[in-house]
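Asker: Structure provided below as structure tokens; questions to follow.
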Amino acid sequence: MAAYDPDNIFAKILKGEIPCHKLYEDADTLAFLDIIPRTEGHTLVITKESAPDLFGISPQGLGKLMAVVQTLAPKIKTAVGADGVLIQQFNGAAAGQTVFHLHVHILPIKDGVPLRPQETGMAEPDALAMTAEKIRASL
């Protein structure tokens, strides 16, 4: 298991050092839009535990994280008019993990619209803000 870096970008978001397009927050989790979205409404749900990956979180924390994913995913899907939802979670660099703070991707999928490549580039802040407002209105 990788050591947890308290200065990773998600830890900084949790500390309020870096802004995000927040969609949902409770005592254990935070959900916000990915700034490099692969689909409209691409959301990250992170734990507030200092867990680098799936293997570093408590069973209780994992349950709380996944309960939020389960609750938010269909609402995000509806808000952006998607036909399905892809849920992704990576563990370790070899598996594609780039931020070593446990997080789950919610990717709303529209029929016939392919996923954008992972490193497409940052979305326009105004577009993200509009998507965030649309999703928050459905929560």
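The values are calculated or read from the model by the stated rules, or taken from the named source; none is laboratory data. Computed from a predicted model, the values in this text were never measured in an experiment. Positions of Cβ are generated from backbone atoms using ideal geometry, with glycine treated the same way; all protein chains shown enter the neighbour counts. The area values use the complete protein model at the heavy-atom level, side chains included, leaving out ligands, DNA and RNA. Shrake-Rupley method; radii C 1.70, N 1.55, O 1.52, S 1.80 Å.
Asker: Can you confirm whether ILE87 is crowded, with 19+ Cβ neighbours inside 10 Å and aliphatic (A, V, I, L, M)?
Answerer: no
Asker: Can you pull out the strands (runs of 3 or more DSSP E) entirely within segment 2-50 that have at least 1 residues that are more than 18 Å from ALA123 (Cα to Cα) and aliphatic (A, V, I, L, M)?
Answerer: Hits in segment 2-50: 29-33, 43-47.
Asker: Please identify the pairs in which a residue from segment 73-101 that is at negative phi has its Cβ atom under 6 Å from the Cβ atom of a residue that is assigned to a loop (DSSP other than H, G, I, E, B) and basic (Lys, Arg), counting only partners at least 6 apart or on another chain.
Answerer: From residues that are at negative phi, the pairs are ALA82/LYS110; ASP83/LYS110.
Asker: Now, a different point. Which condition from (1) touching a residue at least 24 places away in the same chain (Cβ under 8 Å); (2) more than 22 Å from ALA51 (Cβ to Cβ) is the one that GLU124 breaks?
Answerer: That leaves (1) as the condition not met.
Asker: May I pose another question? Hey, can you tell me all the residues within segment 125-139 that are under 13 Å from ALA31 (Cα atoms), open to solvent by 50 Å² or more (accessible area, probe 1.4 Å) and of a type in the set (A, V, I, L, M)?
Answerer: Passing the criteria: only LEU139.
Asker: Just checking, which of LYS77, LYS110 is touching a strand residue (DSSP E or B) at 6+ places or on another chain (Cβ under 6 Å) and either within 23 Å of LEU139 (Cβ to Cβ) or surrounded by fewer than 19 Cβ atoms within 10 Å (Cβ to Cβ) (or both)?
Answerer: Only one candidate qualifies: LYS77.
Asker: Based on this model, can you work out whether VAL68 counts as buried (at least 21 other Cβ atoms within 10 Å of the Cβ), in contact with a Phe, Trp or Tyr (Cβ under 9 Å, 6 or more places away or on another chain) and in a helix (DSSP H, G or I)?
Answerer: Considered against the rule, which asks whether it is buried (at least 21 other Cβ atoms within 10 Å of the Cβ), in contact with a Phe, Trp or Tyr (Cβ under 9 Å, 6 or more places away or on another chain) and in a helix (DSSP H, G or I), VAL68 comes out as yes.
Quick grid of which residues meet (1) loosely packed, with under 14 Cβ neighbours inside 10 Å; (2) farther than 18 Å from ALA79 by Cα; (3) in contact (Cβ under 8 Å) with a residue 24 or more places away in the chain:
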{"position": "ALA3", "(1), (2), (3)": "yes, yes, yes"}
{"position": "PHE10", "(1), (2), (3)": "no, yes, yes"}
{"position": "TYR24", "(1), (2), (3)": "no, no, yes"}
{"position": "ALA27", "(1), (2), (3)": "yes, yes, no"}
{"position": "GLY41", "(1), (2), (3)": "no, no, yes"}
{"position": "LYS48", "(1), (2), (3)": "no, yes, yes"}
{"position": "PRO52", "(1), (2), (3)": "no, yes, yes"}
